[in-house]
Structure formats: C-alpha cells, structure tokens
Amino acid sequence: MQTILGANGQIAVELARELNRNHTSDLRLVSRNPRKVNATDTLVRADLLDAVQTAAAVDGSDVVYFTAGLPADTELWERQFPTMVRNALDAARAAGASFAYFDNTYMYPQDDRLQTEDTPFEPVGPKGRVRAAMASMVLDEMARGDIPVLIARAPEFYGPGRTQSFTNALVIDRIKSGKRPLVPVRDDRQRTLIWTPDASRALATLGNAADTFHQTWHLPTDSDRPTYRQFVAMAESAFGRPAGSGYTVVPKWALSTAGLASRQAREIRELLPRYEHDNRFDSSKFVGRFPEFEVTSYRRGVDIISEEAVASSF
C-alpha cells in the first residue's frame with residue numbers, strides 16, 4: 001500500500017491519479033478532510049500535527065509520500081511544518097515504510113547560480129529557513145539509514161486545475177479573466193517553472209524505483225526556461241489574446257511597499273530577489289535516469305490550461 005500525506009492539494013491529487021494509473025490501486029489518502037481521487041482509494045482522516053494520528057494513518061504502508069502544504073503564512077509555517085515533517089518521518093520509520101518528501105526551492109540562494117541537487121541552503125527569509133530546516137530533518141533521516149528516504153524538489157509551479165503559484169495568479173489567471181498580466185520585478189530574466197502534473201508523475205516514478213532512494217532529485221522541467229516576456233506571449237497566444245496586448249512589470253519597491261498594507265504581498269517579499277536574476281533549475285540527473293519521461297513544454301502547458309478554461313465555460 002502507498003500512502004499520500006496531505007492528500008487534497010494539486011500535487012497530491014495528480015500523484016494519486018498517476019499512482020493508480022501506472023503503479024498501484026492500493027492507495028491511502030490522508031488529510032483532515034480527504035476526498036477520493038480514484039474509486040478504489042482508501043480515505044483516512046488525520047491531523048499531521050498529532051503524532052498518534054499520523055502513526056495510525058501510516059501504519060501498514062510500503063511507501064509514504066509527504067505532499068502536505070500550508071497557506072503562505074510565515075507564522076503558520078514556523079509553528080506547524082516542522083512538527084508535521086517530524087511526525088511523518090517517525091511514523092514512516094515505525095511502519096518500516098519508504099519515505100518520499102516533496103520539496104521546493106525556498107532554501108536555495110536567490111541569485112543566478114545554476115541550481116542542482118548539490119546547491120547549498122542559503123535561505124533569505126523566514127519561510128526559506130523553515131523549508132531548510134524541514135529538508136535538513138529529511139536529510140538527517142536519510143543519513144540515519146533506517147528506512148529508504150528520498151527528496152523530490154520542484155521549482156515554482158504553473159499548471160491546470162487548482163494549481164497555486166505566483167505565475168498562475170499573476171499571469172495565467174489574469175489573462176483568463178481578461179485582465180492585464182502582472183510580472184514581478186523583471187520580464188527579461190529566465191524562469192524555470194514546473195508543470196504540476198509532470199511534478200506528480202515524476203514523484204510517482206521516483207517512489208516506485210528501487211534505486212532512487214537515499215538521494216535528492218530535481219524534478220523534470222522544460223529546459224527552454226523562457227523569460228516572463230516570452231511566457232506572457234505564449235499565454236496570450238493560447239488564450240487568443242492579441243499579440244503584444246501588454247503586461248505590467250511591478251517593480252521590487254512597489255511589491256515591498258505593498259507589503260505594508262497587504263498580508264499576501266508581505267508573504268512574497270522574501271522571494272523577490274529571485275525575480276531579479278535568471279532562475280535556472282537543473283533536472284539533468286532525473287532526465288539521465290529516466291530518459292523516457294516526457295516533459296510538458298511550456299507552450300503545451302498553457303494550451304492545456306486554455307483548453308481546460310474553454311471546456312469549463314460550457
């Protein structure tokens with residue numbers, strides 16, 4: 001049996017679909033209010049802040065995926081995330097289960113260095129420090145060696161369905177609603193984004209390969225790395241918007257100032273340095289191990305989102 005902790009987010013939903021499609025129908029979905037993705041899913045209600053509930057939810061599992069998320073709230077992250085990870089690791093160890101940890105890049109340096117699995121942790125703000133602490137806990141478990149552990153790390157998302165990301169919110173969702181897209185800080189820097197279904201498919205692939213544990217993996221992305229200027233042009237074309245309709249580059253000072261009045265803007269401020277530089281996330285290790293894995297191109301991704309929007313309007 002394979003178990004997904006934090007089972008209601010976009011990554012978890014796509015992961016459940018992929019596991020059922022290509023790996024196993026014996027799935028357990030765990031969250032405070034889990035919902036079935038596949039007809040054969042088993043649902044377990046559990047609060048990952050509760051060690052006893054987490055252990056019971058994981059008991060009997062062969063592989064455990066940690067995909068739990070929290071709203072972009074620094075205080076909430078500091079208070080809850082480390083406990084959730086510790087409880088999940090303890091539960092997996094007690095069950096003798098393999099552990100696959102879905103991670104992000106908040107703890108990486110926010111400069112133009114090529115990001116590889118060996119990139120050092122240099123968090124800029126409190127959320128980055130929380131993610132660094134969480135990843136370090138998983139690395140410590142990996143070093144302990146009692147159970148197989150892997151880290152699957154993804155850059156910023158874009159994607160269909162309920163994908164939550166700055167790019168979806170500022171560019172894609174605004175184009176869908178007929179508004180002018182907003183680009184944070186610069187439009188001429190390369191960006192690495194990951195298509196959320198690709199992230200989930202890759203996580204399932206790693207969790208079901210015997211030689212992938214005891215390692216960190218960068219999940220696969222389109223190697224083109226468009227600038228926001230190019231990405232907006234692709235999105236405009238996909239949604240039938242006249243080429244060159246325009247977008248607004250929101251400067252760093254404006255986003256920082258907005259943080260004085262807006263909690264949402266405050267939560268993005270520590271990430272602003274990354275938008276001043278090329279963001280180059282390298283996934284060649286994954287591609288070398290799984291050369292048959294098909295990565296969704298940026299153009300195909302925005303086309304799918306457009307097709308989804310059209311279908312939902314009928």
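Okay, here's what the table says:
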{"item": "One residue from Ala235, Ala204, Ala210 being free of Cβ contacts under 8 Å to residues at least 60 places away in the same chain and farther than 24 Å from Pro273 by Cα", "result": "Ala210"}
{"item": "Complete set of residues in region 1-35 that are in a loop (DSSP other than H, G, I, E, B), touching a Lys or Arg at 6+ places or on another chain (Cβ under 9 Å) and surrounded by 18 or more Cβ atoms within 10 Å (Cβ to Cβ)", "result": "Ala7, Asn8, Gly9, Pro34"}
{"item": "Test for Gly69: is it of a type outside the set (Ser, Thr, Tyr), touching a Gly at 6+ places or on another chain (Cβ under 8 Å), surrounded by 15 or more Cβ atoms within 10 Å (Cβ to Cβ) and at pLDDT below 95", "result": "yes"}
{"item": "Residue in region 178-192 that is without any contact (Cβ under 8 Å) to a residue 24 or more places away in the chain and either outside the structural domain of Arg93 (by TED's automatic domain parsing) or surrounded by fewer than 23 Cβ atoms within 10 Å (Cβ to Cβ) (or both) present", "result": "yes"}
{"item": "Within region 167-242, strands (runs of 3 or more DSSP E) holding 2 or more residues that are modelled with pLDDT under 95", "result": "182-184"}
{"item": "Segments classed as strands (runs of 3 or more DSSP E), wholly inside region 36-154, with at least 1 members that are in the same structural domain as Asn208 (by TED's automatic domain parsing) and of a type in the set (S, T, N, Q)", "result": "42-45, 98-103"}
{"item": "Cross-chain or 6+ apart pairs with Cβ under 9 Å, region 34-55 first and touching a residue at least 24 places away in the same chain (Cβ under 8 Å), then among the acidic types (Asp, Glu) and not in a loop (DSSP other than H, G, I, E, B)", "result": "Val37/Glu14; Ala51/Asp90; Thr54/Asp90; Ala55/Asp90"}
{"item": "Within region 271-314, considering residues that are assigned to a helix (DSSP H, G or I) and among the β-branched types (Val, Ile, Thr), the one farthest from Thr192 (Cα to Cα)", "result": "Val310"}
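The values are calculated or read from the model by the stated rules, or taken from the named source; none is laboratory data. Fair warning: this is a prediction, and the values are worked out from it, not measured in the lab. No Cβ is skipped: glycine too gets one built from the backbone with ideal geometry, and neighbour counts run over all protein chains shown.
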